[in-house]
Amino acid sequence: MQTDKTRADRITLSLAEPNVVADRRADRTIILRSRSDLRPHPRRIGDVLVKTAARAPDVPFLAERRDSDWHRITYGTALERARATAQFLIDRGFDHTTPVAILSGNSIRHALVALGASLVGVPIIPITPAYSLMSRDHRRLQSIIEMLQPKMVFAEDPQSFAQALQSIDLHGRLLVTASSASDLPNAIPFEELVATRVKDEQLRRRMVQIDPSHTAKYMLTSGSTATPKPVITTHEMLCANQQMIAQLWPFLETEPPILVDWLPWSHTYGGGKIFNLTMWHGGTLYIDGGRPVPGAMEITLQNLREISPTVYFNVPRGFALLAPSLETDSALRESFFARLQMISFAAAALPDDLWMRLREVSMMARGGQPVFISAGYGSTETSPTSTLVHSPIPNPRAIGLPPPGVELKLVPAEAGKMELRVRGPHITPGYHKDPELTREAFDDEGYFRIGDAVSFVDPSDPAKGLVFDGRMTEDFKLTTGTWVNAGKLRIEILASTAPLLSDVVPTAPDRDYLGLLAWLSPAATEPSNHAAAITELTSRLRTFNMQHPGTSKVVRRILLLSEPPSFEEGEVTDKQYVNQRVVRDRRKADVDRLYANPLAPDVIEII
């Protein structure tokens, strides 16, 4: 059990004051930007590691469980082994045109491969392990390898990834694994990389040749509709984004963060924001082997009983599974809040009731003082942060303000919404070898079309920040012509029915009224609880309808699904976000049954 804990009530949280300007155009378009300039900063990811290791060589950088103990690596050791890995790549002829694919999950070895590549300008392709371990045909993995043509593939555990590796063309590619006993032909043990003798002058020359505009990594979109799109992510994008965050959260400069985090490095939130934030500020990242799914959450809880974070990031599903344990487990609650300065969520909005529960349980642990709850907004193409909360927020849909260097363009759209577009040094130059898709992604002023809508917390005072107003692609019209804000409705339904539903998808375009496809929470599916849960769910939805009488929110029918959302079919990401449009499209037969007359036997009518 870790004992060097600072009481959270003795921590002063330093945050930047809101400072924005809103330029309003005649066509009602609004340009929202920070009045502060983006300060000078490192512009290559490898330089960040070098700089941090120079000032804090003995500080633990990364930690992971090996058996029952935490194995830690310091910044000094990480730089030494990353340099050796970089030299290995030089010796094997790698450059900015020969990417390295990483199939494995978060780990110290994964980090060293990535950092070694960054030191010498070799792009990495972090591929979600789900494409290897949860797929039946590995078609997405195959398409990524074919599209990006990596010269090396790193698969830490060759046994777990054996089928995936057999499904791709390894001819002419190096294969690196953590096991020298791999049965795969021509496999190189990871230890050979980190044991390479460094040629200092050659490595130095390669490092200074890296232009900040060079690709640091190809980040893959979720692939919810088709083959994942490879987003060009440059050194400048990643570094500029970290400087933006540092200017809005200056407390990180004086209190290096301690993180316990599971978010996958194959996604921009975990691999762009969280990993780089740790390194930028000389913090320590404890790699959490848990996940916010039943059966794996206990690993996260055990880690949080042992390690007290100073900042805690998660997605709404993770907080939903964490909250009950914080409320009932006093030892976990004490450890979690012992030195916690802030919690932050992303990927989707928190339901109102969950937001309040987190505030209340933090007050239990902190003598009546709630922990600061932050949020951010962005996408894979924005590396990722385009807005950030750095002052108290009125509700969990608030996404904050643009940081220094970022311009937001709010364009009037259908249903009275404001479509959000973004410009700044953290924006991708485009998609790999797809000029048409790249051209469509930007407007004529160079703003990236992010595809979501926002509104102001207070239209008369932009400094109070923005509120997420739904994904433009998920909203739809009923046959009455009424627009349905599907994302906002989902959050309201989940809040009104908590904890009975694990997720819900409003339906459907071009129908006369609203229905729901939904999944019961694990507790509600227990045979002893099921009948009572259905009765309570029906009652809650009737109450919701009375409180929201408009046709854009009144729910007439609900169909409870037994088949969980499919990752392979793009219904859910490995951050546990359910893509509503994909679910509606893929489960058209369920949607038809929901609206069938006479009423199908498994459909529940609410009114």
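FYI, it's all coordinate maths here, none of it is from the lab. These figures come from a predicted structure and were not determined experimentally. Cβ coordinates were reconstructed from backbone atoms using ideal geometry, including for glycine residues, and neighbour counts include every protein chain displayed.
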inquiry  = Report the Cα centroid-to-centroid distance between segment 457-499 and segment 349-379 in angstrom, as an integer.
reply    = 20
remark   = Taking the alpha-carbon centre of each part, the distance from segment 531-607 to segment 113-128 in Å is 42
message = For E571, what residues show an amide H to amide H distance below 5 Å, using hydrogens built from the backbone and excluding near sequence neighbours?
response = S566
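Determine the percent antiparallel among the DSSP beta bridges restricted to the chain, to the nearest 5. Write down the numbers at each step before the final one.
On the way: 54 of 86 bridges.
Among the beta bridges of the chain, antiparallel pairing accounts for roughly 65 percent.
Please give me the summed charge of the neighbours of S167: other residues whose Cβ is under 10 Å from its Cβ, Lys and Arg +1, Asp and Glu -1.
On the way: positive: R139; negative: D137, D169.
My count for the surroundings of S167 gives -1.
Based only on the alpha carbon positions, what is the Kirkwood hydrodynamic radius of the chain, in angstrom?
Numbers: mean 1/r = 0.0396 Å⁻¹.
It works out to 25.2 Å.
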remark   = For K433, counting only aspartates and glutamates whose alpha-carbon sits under 14 Å away and dropping same-chain residues fewer than eight positions off, the answer is E146
Cross-link reach list, lysines versus K477, counting only Cα pairs under 30 Å and skipping chain neighbours closer than eight places = K229, K409, K417, K488, K553, K575, K588
query = Could you work out the helix-only [θ] at 222 nm for the chain, with each DSSP H run of four or more residues adding -39,500 (n - 2.57) and the total divided by the number of residues, to the nearest 500 deg cm²/dmol?
reply = -9500 deg cm²/dmol
query = What distance in nm separates the simple spin-label points at S68 and S167, each placed 7 Å from Cα in the Cβ direction?
reply = 3.7
inquiry  = Taking the alpha-carbon distance from K51 and a cut-off under 22 Å, which lysines remain once sequence neighbours fewer than 8 residues away in the same chain are dropped?
reply    = K199, K217, K273
query = Each residue of segment 118-131 in turn: what ³J(HN,Hα) in whole Hz from Karplus with 6.51, -1.76, 1.60 and θ = phi - 60°, glycine and Pro shown as x?
reply = 5, 5, 10, x, 8, x, 10, 10, x, 9, 3, x, 4, 5
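Taking the Cα centre of segment 75-211 as origin, work out the dipole magnitude from +1 charges on Lys and Arg Cβ and -1 charges on Asp and Glu Cβ, in debye rounded to 20. All intermediate terms of the calculation are to be shown ahead of the outcome.
Working: 14 positive and 14 negative charges, 43 e Å.
Computed charge dipole of segment 75-211: roughly 200 debye.
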task = Would you work out which of L358, S36, H548 lies farthest towards the positive end of the dipole of the chain? Charges go on Cβ: Lys and Arg +1, Asp and Glu -1.
result = S36
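Which ordering of V208, V21, V50, V100 is given by a fewest-first count of other beta-carbon atoms within 10 Å? Could the numbers behind the result be given before it?
On the way: V208 8, V21 11, V50 17, V100 25.
In increasing order of surrounding Cβ atoms, one gets V208, V21, V50, V100.
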task = Go through A441, P425, I534 and say which Cα lies farthest out towards the positive end of the charge dipole of segment 395-548; charges sit on Cβ, +1 for Lys and Arg, -1 for Asp and Glu.
result = I534
